[in-house]
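Values in this text are rule-based calculations from the coordinates and carry no lab data. All values reported here derive from a predicted model rather than from experimental measurement. Here Cβ is always computed from backbone atoms with ideal geometry, including for glycine, and neighbour counts include all displayed protein chains.
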Amino acid sequence: MKISKIHPFILLSFFLLLVILGLHSCQKDVFKTGSDVRLQFETDTVFFDTVFTDMGNATKKFKVYNPYNEPIRINQIRLAGGSQSDYHLNIDGLNSNLSNDVDIPAGDSIYIFVNVRVDPNFGDALRIDSILFEINGNQQKVVLEAYGWNAKFIGRRGFLTRFTNTNLTLNPDSVYVFFGVVAFDSNSVLTIPGGTDIFMFGGPSSKPGDRALLYIGENSTLRVNVGGNLNNPVEFKTHRLEEDYQELPFQHGGIYLSKGSVNNQIHGCIIRNAVDGIIVDSLASNHPTYKLELINSKIFNTDRSSILSRQGSIRSVNSILANSNQFGLIAIRGGVYSFLHSTIVNYGTNPFIGHSEASISLRDFEIIYDSNGNEIGANLSDIFAQFVNCVIDGTKSEEVELSKYFNSTAIWNYQFDYCLMKLDTLQTGLNNCIRNQNPRFKDPDSYSYAPDSVISPLVNRGFSVGILSDILGNARDLSPDIGAYEFQ
């Protein structure tokens, strides 16, 4: 092997290159100095509307901006209350209530995340603290405010909590958080007065068993705000109180009315953020009254359905089923349904909600599978469905789906009377219905489905069926409006 000498010029060039690189690596960033340097904040106050005591469930974030064309160094960021505070910080990715020498490049920003956990020993209280920023001898701050609720917790995350032979009436002056499966079984009655808030623990990424579910079992009954309307509703919603979570579906399991439950009444109620708002299961049951009476209520922002029924029996009056990823009402394996002055719509106005299925799906079958998951047939049942003075609308060309199993012998008895409907091919079972007209709602983007003016095609186009008031208690006249609201 021949070894050649390196030319002295090449050695000199290499040496100079190393010197230049060394000087460059030793060069320090030059930060903007001066007593006039000021940070800019996305907000001057981080406000937590309400948090539950002893639950670290509320987190918010804000940005800290460098408005200059030079980098800046924040000498210190710290939580004023220190280790005794109800708050905890994550400063630019570091979980700490104190951070020194935090750099922000020119024109850039950093995130600060704030979590709050309110000590239950102090009950309901306003908790105030602040984040202090020290830069070039100056001090700035962002205020933190949270109001703590001393809530009542029922159930346990991931577990079944079972009440048997129990009559329980909730207190509307208290706040409730449900965990896991909260079941009322064996001759129990759960009564929920108007004005009660029920926060269902869970979240879109929770395991199924971690999402709260209210279960009504054998010979048991759910009574929600009976006789009430949306002026003083009961609410079932996510336990996450941050604004970002209010639009999300798939956060809790909703209400399950088992085949053994009886005479369930849900009036003046709002249900949102669920997988299914209400599941009604009447299989193998034979009750002389409806399994569910839904009156003056609103179910929206759900994942699969507002109502999922399996051979159920439902009477709905002045109710709204809106904004579900799939169905407003899906009736599997037949059942008995009477919907009067109800609004069943989906416009996909929520960015977290799609619109993959029709607003109403009526089916006379339920598919049967073998142990290997292969379809082997279907259970069939008759279907009796009446929709009077209802709005059935959305962005699909056909918002009513009638699915009959192959060679089914089930009885189909359905009728749509004086309804406004979005239809394509359906021609049968229609009586004095309005096809494919804009209902002219006030603000469907904000889930407000009242007629916007007297020229709405809903106004005075219904048929009197003895429903004397609307979802808010407003009187209906002899020529009532179609849908859950009477135009005022």
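Taking one quarter of the surface of the C-alpha convex hull of the chain gives a mean projected area of 38.5 nm².
Within the shell of other residues whose beta carbon sits under 13 angstrom from the beta carbon of Asp470, the net charge comes to -1, with Lys and Arg scored +1 and Asp and Glu -1.
Calculated FRET efficiency, Ser403 to Lys152, Cβ-Cβ distance, R0 = 45 Å: about 0.55 to the nearest 0.05.
Exposure proxy ranking for Lys396, Lys237, Lys422, based on other Cβ atoms within 10 angstrom of each Cβ and starting from the fewest, stands as Lys396, Lys237, Lys422. Over the Cα atoms of region 416-455, the radius of gyration divided by the Kirkwood radius equals 1.05; this is the Rg/Rh ratio. Per the Debye calculation on region 40-149 with a single equal scatterer at every Cα and no solvent contribution, log₁₀ I(q)/I(0) for q = 0.12, 0.15, 0.24 Å⁻¹ amounts to -0.41, -0.61, -1.34. Ordered by the count of other Cβ atoms within 10 Å of each Cβ, fewest first, Ser397, Ser297, Ser371, Ser456 give Ser371, Ser397, Ser456, Ser297. Counted by neighbouring Cβ atoms within 10 Å, the residues Ser408, Ser220, Ser448 run from fewest to most as Ser448, Ser408, Ser220.
With contacts taken as Cα pairs under 8 Å and at least 6 residues apart, region 40-149 reaches a relative contact order of 38 percent.
Pairs with C-alpha atoms separated by more than 27 Å, drawn from the list Lys422/Lys442; Lys298/Lys442; Lys152/Lys207; Lys237/Lys404; Lys141/Lys237; Lys259/Lys422, are Lys237/Lys404; Lys141/Lys237; Lys259/Lys422.
In the frame of its principal axes, region 345-488 has Cα extents of 57, 36, 28 Å, reported largest first.
Using just its DSSP H runs of length 4 or more, each adding -39500 (n - 2.57), the chain gives a mean residue ellipticity at 222 nm of -1500 deg cm²/dmol after division by all residues.
Net charge of the neighbourhood of Val224, taken over other residues with C-beta under 15 Å away and scored Lys/Arg +1, Asp/Glu -1, is +3. Could you compute the net charge surrounding Gln311? Neighbours are other residues with a C-beta less than 12 Å from the C-beta of Gln311; K and R count +1, D and E count -1. Result for the neighbourhood of Gln311: +1.
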